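*Asks:* Before I ask anything, here is the structure I am working with.
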Amino acid sequence: AQSVTQLDSQVPVFEEAPVELRCNYSSSVSVYLFWYVQYPNQGLQLLLKYLSGSTLVKGINGFEAEFNKSQTSFHLRKPSVHISDTAEYFCAVSNTNAGKSTFGDGTTLTVKP
Amino acid sequence: DTGVSQNPRHKITKRGQNVTFRCDPISEHNRLYWYRQTLGQGPEFLTYFQNEAQLEKSRLLSDRFSAERPKGSFSTLEIQRTEQGDSAMYLCASSQTGITNEKLFFGSGTQLSVL
């Protein structure tokens with residue numbers, strides 16, 4: 001069985017400040033890890049994914065995440081956020097195919113001017 | 001690429017009624033997934049198809065739920081004898097297997113409210 005814990009349900013931050021959204025997972029086997037973003041009234045969109053190889057993964061919109069196997073974490077970071085980054089962010093884990101994933105409960109990122 | 005399309009966007013029904021949702025995946029995608037998302041929670045996997053074959057169903061999917069993908073293209077999700085606990089956003093996603101990096105594309109969902 002797998003599980004995902006997103007440690008912060010809400011993260012308020014000022015524009016141009018750095019942000020980190022935290023994600024821990026548990027799994028008994030090797031995993032694939034994902035971050036998705038959901039803007040209001042839109043479907044989930046893949047931000048980035050870790051399948052293997054380099055533990056630092058770069059995604060769209062300037063986001064990056066680091067896979068830490070020893071700490072079973074996959075935190076999402078952005079050095080400078082914009083108002084348009086305001087959205088719900090979901091961390092997900094899978095050990096088979098990307099589609100059959102276990103999602104966390106989400107982190108609401110609110111970027112203030 | 002017109003994206004994954006779900007209809008209707010919103011559905012309000014009375015308890016005990018049957019409802020059906022439709023998902024049109026990206027045309028060349030062979031896998032189709034259904035998820036359910038309730039307020040304040042992440043999506044929960046319900047079932048998925050590869051072409052027309054339903055390969056896996058979650059134990060979350062009670063006998064009142066049935067999904068089909070008859071020609072390996074669009075899919076329908078039917079809920080019989082709806083209950084208030086069925087109120088949720090029902091998400092559909094599609095992907096193409098056979099490539100190294102399977103990527104999910106989600107639709108905007110169907111919001112079901114059971115009164």
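Just so you know, all these numbers are worked out from the coordinates, no wet-lab data involved. Since the model is a prediction, treat every value here as computed from it, not as a measurement. Backbone-built Cβ (ideal geometry, glycine too); neighbour counts: all protein chains shown.
*Asks:* So, R0 is 25 Å and r is the distance between the beta-carbons of B:Q41 and A:L51; what FRET efficiency does that work out to, to 0.05?
*Replies:* 0.45
*Asks:* Report the trypsin sites (Lys or Arg not before Pro) located in the range B:27-103 that are in a DSSP loop and have at most 16 other Cβ atoms inside 10 Å of their Cβ, or state none.
*Replies:* When the trypsin sites (Lys or Arg not before Pro) of the range B:27-103 are filtered for loop state and at most 16 Cβ neighbours within 10 Å, B:R59, B:R64, B:K71, B:R81, B:K103 remain.
*Asks:* Indicate, rounded to the nearest 5 percent, the antiparallel portion of the DSSP beta bridges found entirely in the protein assembly as shown.
*Replies:* Taking every DSSP beta bridge with both residues in the protein assembly as shown, the antiparallel ones total about 90 percent.
*Asks:* If the cut-off is a Cα-Cα distance under 29 Å, which lysines reach B:K14, setting aside same-chain residues fewer than 8 apart in sequence?
*Replies:* B:K57
*Asks:* For A:G106, what charge total do you get from the other residues with a beta carbon under 12 Å from its beta carbon, if Lys and Arg give +1 and Asp and Glu give -1?
*Replies:* Surrounding charge for A:G106 is -3.
*Asks:* Then there is this: So, how do all the Cα-to-Cα distances of the protein assembly as shown break down into 10 Å bins, in percent, from 0 on up?
*Replies:* Reading upward from the zero bin: 8, 33, 35, 20, 5, 0.
*Asks:* Restricting the calculation to Cα positions, tell me the Rg (one decimal) and the Dmax (whole number) of the range A:1-90 in Å.
*Replies:* 13.0, 39
*Asks:* What is the spin-label model distance, in nm, from A:T108 to A:K58 if the labels are put 7 Å beyond Cα along the C-beta direction?
*Replies:* Label at A:T108, label at A:K58, 3.3 nm between them.
*Asks:* Go through the range A:9-111 and name the trypsin sites (Lys or Arg not before Pro) that are in a DSSP coil and have 14 or fewer other Cβ atoms within 10 Å of their Cβ.
*Replies:* Loop-located and lightly packed - A:K69.
*Asks:* Sequence neighbours fewer than 8 away in the same chain don't count; with that in mind, list the lysines whose C-alpha is under 20 Å from A:K78.
*Replies:* Counting by Cα, and skipping residues close in sequence, A:K78 has these lysines nearby: A:K49, A:K58, A:K112.
*Asks:* Give the longest segment of chain A that steers clear of GluC sites (Glu not before Pro) in DSSP loops with at most 15 neighbouring Cβ atoms within 10 Å, not counting the sites themselves.
*Replies:* Formally, the longest exposed-site-free interval is A:17-113.
*Asks:* What FRET efficiency do you get for B:T13 and B:Q96 if R0 is 45 Å and r is their Cβ-Cβ distance, rounded to the nearest 0.05?
*Replies:* 0.85
*Asks:* Can you give me the Kirkwood hydrodynamic radius for chain B, using every pair of distinct Cα atoms, in Å to one decimal?
*Replies:* So the Kirkwood estimate lands at 14.2 Å.
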